Amino acid sequence: MKSYSVRVSRDGRLWYVEIPEIDGATQARNLREVERMARDYIYNATGEEEFGLDIEMVMPDEAQAHLDREAALRLEAAEKS
């Protein structure tokens, strides 16, 4: 079964849902809608009814920097103990 990559990121009050394999994008009002919106878009663009989704949440740069710093501090603490 074919699978599509879906990249999801926050875009103001909405979620931006990007499907790179078909150069497509849509939006969702909340995270519960992401899968349905992606599936609807892919079906309308390709006519395919059955396919998998590989959903990736993309963190804002600032949030990712905090997560990276936290991981580095945890590693440093583990090495010291």
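The values are calculated or read from the model by the stated rules, or taken from the named source; none is laboratory data. Here the structure is a predicted model, which is why all the values come from computation and not from measurement. Neighbour counts run over all protein chains shown; Cβ positions are idealised from the backbone, glycine included. Please note that ligands, DNA and RNA were not included when accessible areas were found on the heavy atoms of the full protein model with its side chains. Shrake-Rupley method; radii C 1.70, N 1.55, O 1.52, S 1.80 Å.
The table below lists the values:
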| item | result |
| --- | --- |
| Dipole axis of the chain (+1 Lys, Arg; -1 Asp, Glu on Cβ), positive-most option in Ile19, Tyr41, Ala77 | Ala77 |
| Heavy-atom accessible surface of the chain: percent carbon and sulfur, 1.4 Å | 47 percent |
| The chain: mean projected area of Cα convex hull, nm² | 7.2 nm² |
